[in-house]
1. Looking at (1) assigned to a loop (DSSP other than H, G, I, E, B); (2) under 37 Å from the mean Cα position of the chain (by Cα); (3) exposed (fewer than 15 other Cβ atoms within 10 Å of the Cβ); (4) at negative phi, which is the one condition that is false for Lys262?
2. Using the structure shown, decide if Val36 is aliphatic (A, V, I, L, M) and at pLDDT 90 or above.
3. Of the numbered conditions (1) closer than 21 Å to Gln160 by Cα; (2) at pLDDT below 85; (3) among the aliphatic types (A, V, I, L, M), Leu92 satisfies every one except a single condition; which is it?
4. Given the conditions (1) within 17 Å of the chain's Cα centre (by Cα); (2) free of Cβ contacts under 8 Å to residues at least 60 places away in the same chain; (3) buried (at least 16 other Cβ atoms within 10 Å of the Cβ), and given that Arg210 satisfies all but one, which numbered condition is not satisfied?
5. Only one of (1) exposed (fewer than 14 other Cβ atoms within 10 Å of the Cβ); (2) in a strand (DSSP E or B) is not met by Arg192, so which one is it?
6. Which ones in segment 133-183 are loosely packed, with under 12 Cβ neighbours inside 10 Å, at pLDDT below 70 and closer than 23 Å to Arg211 by Cβ?
7. When you go through (1) surrounded by 13 or more Cβ atoms within 10 Å (Cβ to Cβ); (2) at pLDDT 85 or above one by one for Gln117, which number turns out not to apply?
8. Scan (1) open to solvent by 40 Å² or more (accessible area, probe 1.4 Å); (2) within 26 Å of the chain's Cα centre (by Cα) for the single condition Ser32 breaks and write down its number.
Amino acid sequence: MSDFDRLNSDLVLIVDDIPENLSVLHDALDESGYTVLVATNGETALQRARHSLPDVILLDAMMPGIDGFEVARRLKADFSTRHIPIVFMTGLTETEHVVAAFEAGGADYVTKPIRPQEVLARIAAHMASARLMKQARTALDAFGQATLALRPGSGRVVWQTPLARKLMNDYFPGHEDDAPAAVMAWVHESARVRREGREFPPLHINLGARRLIFNLHERAGDDEWLLVLREESDAAVVDALMAAFRLTTREAEVLYWVIKGKTSPDIGEILGSSPRTVNKHLEHVFAKLGVENRTAAASVAMARIRMGGGPDS
């Protein structure tokens, strides 16, 4: 395999304290076109996983020092490595050991003595999923999307784009790795309603004049949900109205509060103007939107820009 091919091939980290096992697996994976890294103990495995971010990790369950179960737990506790599929290698086939492997974060397991063809088949299956997830995350990062995936059972955030991380930190300080209770309650209710073939409204979290809006997008894996986040603020919506309809700042502010269901006296109090002045601005707004009343103006405005929330939001 050329150096170029190695740089662009799928990366597998093998962790085993027995050199003979490493040699057999290394040769089989290398011949199948994978780039292979090896580690002979838990500490080295953790370092190489964090540094190289392999696509799949083939992990021996029983090793001296830090065993494979603990290595897996630490990898899943680290945001940078928790998305990597882990395939356990174990000679222990008792139910409690298999359960322990999955509870530690394993995606699959193979039993010893190792059969290279079985390992290759398991690796190929998990590699395909890992490749799709990597492509999705790369695309979302590139387009600045605020998107995250979480496990509904535990509330654990599996991965998130940089923008989603920033928004979550802004609205939920201290909840970087776990979704807040309000978000999880909404996710479970949304999923339940969706199973019934109905749509559930987005979740709105207010922070002063800003709002973070959550939409449940789709399943991102066997046990993951994909959430799309969007932030809105009063100022941002006013700017959007100005751009969409060529309104002045004050006209856009008046229209914004009309959309929110406010009366002219209410708007005057909010903006520090008289109701008569508000109505004068409304006349200009009606003319620019080509409508005759408040209801029509609100309808046209909401059809043009995506408003986050109803009259009482």
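The values are calculated or read from the model by the stated rules, or taken from the named source; none is laboratory data. This structure is a prediction, so every number in the text was calculated from the model and none was measured. Virtual Cβ from ideal backbone geometry, glycine too; neighbours counted across all protein chains shown. With ligands, DNA and RNA removed, areas are computed over all heavy atoms of the protein, side chains included. Shrake-Rupley method; radii C 1.70, N 1.55, O 1.52, S 1.80 Å.
1. (3)
2. Working: aliphatic (A, V, I, L, M): yes; at pLDDT 90 or above: yes.
When the stated conditions are applied, Val36 passes them.
3. (1)
4. Only one criterion is unmet by Arg210, namely (1).
5. Of the numbered conditions (1) exposed (fewer than 14 other Cβ atoms within 10 Å of the Cβ); (2) in a strand (DSSP E or B), the odd one out for Arg192 is (2).
6. Hits for segment 133-183 are Phe143, Gly144.
7. Of the numbered conditions (1) surrounded by 13 or more Cβ atoms within 10 Å (Cβ to Cβ); (2) at pLDDT 85 or above, the odd one out for Gln117 is (1).
8. For Ser32, the failing item is (2).
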